[in-house]
Amino acid sequence: MKDLIEFIVKALVENPDKISVTETQGETVSIIEVRVAETDMGKVIGKEGKIANAIRTIAKAAGGKEQKRVNVEFMAKEAV
Amino acid sequence: MKKIKIKGKSVEEAKGHGLKILGLKEEDVDLAIITEGKPGVLGMFGGEECEVEIRQKISAAADAKEILQEILNRLALVAVAEIVSEEENSVALDVKGEDLGKIIGKDGAMLSSLQLIVSSIISRDFSRKIYVNIDAGGYRSNHEQALCRLAKEAAKDVASSGIEKALPPMSAADRRIIHMALKEEEGVTTYSEGEREGRRLIITPKK
């Protein structure tokens, strides 16, 4: 799952080396946190959140097999 | 599209290193220099590295197909992406295989999502808007035909009655299909109104 989201997000952004994806597995829900460079937030969210929602739909399909809910959250990486 | 931004002491060095990482030959790529770099004192101190971007030469259709296939593989679906057609600003792909129901999703939601993601990636890769159409098991072509039938019938009503007609709220992609289908239709024009989920297409008599 993490691999899938990482592949998609990397291909969408201008700064693929600045992304990170973490997955936290709960019992019934799996939380995926996607961090990207601040300037890339628009690329992963899209107009009216369309791209973010498409990524969520695809993640849900990937999580379907394990019968788990999947939450995908997007945030800007703090400048280091 | 395989691509990489890479630094080196010289363009040649950066290029050689990048090609090795990508596993590509020189004739398979385009090279863009991002920063020229500066040689340092005695070629060692205070110099600036140059940075280049190496991009694989690939058609939009082949790139789209590759990306869709990578996503399908990562979803562990038994399915193969194929190129149906390629035009200047659009690419049509078809998916064949066993897990077509999953690929289509509820009311085609999965297909639409895949389509949006692949379109966004390709448009970024080629720095221009490229529409990617993805079908699986004829789902989209059936859906498109049904939309066109609905649109043509409504257009006929509007043309003969002279009263404009609103179609039910639809996605941007569906509205686009109808706009295109009725572009050549005599006696009517189309436009959309409303916001977000409520946005609908209106067929109106041509004055």
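Which condition from (1) within 14 Å of another protein chain (Cβ to nearest Cβ); (2) closer than 20 Å to A:Gly46 by Cβ; (3) open to solvent by 40 Å² or more (accessible area, probe 1.4 Å); (4) not in a loop (DSSP other than H, G, I, E, B) is the one that B:Asp125 breaks?
Only one criterion in (1) within 14 Å of another protein chain (Cβ to nearest Cβ); (2) closer than 20 Å to A:Gly46 by Cβ; (3) open to solvent by 40 Å² or more (accessible area, probe 1.4 Å); (4) not in a loop (DSSP other than H, G, I, E, B) is unmet by B:Asp125, namely (3).
Check B:Ala155 against each of (1) open to solvent by 70 Å² or more (accessible area, probe 1.4 Å); (2) over 19 Å from the mean Cα position of the chain (by Cα); (3) not polar (S, T, N, Q) and name the one condition it does not meet.
(1)
I need a count of the residues in the range B:76-96 that are free of Cβ contacts under 8 Å to residues at least 24 places away in the same chain, within 14 Å of chain A (Cβ to nearest Cβ) and on the phi < 0 side of the Ramachandran plot.
1
Checking the structure you have, find out if any residue of the range B:128-148 is open to solvent by 40 Å² or more (accessible area, probe 1.4 Å), more than 14 Å from every other protein chain (Cβ to nearest Cβ) and among the aliphatic types (A, V, I, L, M).
Scanning the range B:128-148, I find at least one residue that is open to solvent by 40 Å² or more (accessible area, probe 1.4 Å), more than 14 Å from every other protein chain (Cβ to nearest Cβ) and among the aliphatic types (A, V, I, L, M), so the answer is yes.
Taking the condition of being of a type in the set (D, E, K, R) and either surrounded by 22 or more Cβ atoms within 10 Å (Cβ to Cβ) or touching a residue at least 24 places away in the same chain (Cβ under 8 Å) (or both), how many residues in the range B:97-122 meet it?
1
Residues in the range B:44-51: is at least one away from chain A (no Cβ under 12 Å) and at pLDDT 95 or above?
No.
Give just the number: which of (1) part of a helix (DSSP H, G or I); (2) modelled with pLDDT of 90 or more; (3) out of contact with any helix residue (DSSP H, G or I) (no Cβ under 7 Å at 6 or more places or on another chain) does B:Asp107 not satisfy?
Result: B:Asp107 fails condition (2) only.
Return the residues of the range B:146-198 that are outside any helix (DSSP H, G or I) and of a type in the set (Lys, Arg); say none if nothing qualifies.
B:Lys165, B:Lys183 - these are the residues of the range B:146-198 that are outside any helix (DSSP H, G or I) and of a type in the set (Lys, Arg).
The values are calculated or read from the model by the stated rules, or taken from the named source; none is laboratory data. Not measured: the values here are computed from a predicted model. All Cβ positions, even for glycine, are placed from backbone atoms using ideal geometry, and neighbour counts span all protein chains on display. Heavy atoms of the whole protein, side chains included, go into the accessibility calculation; ligands, DNA and RNA do not. Shrake-Rupley method; radii C 1.70, N 1.55, O 1.52, S 1.80 Å.
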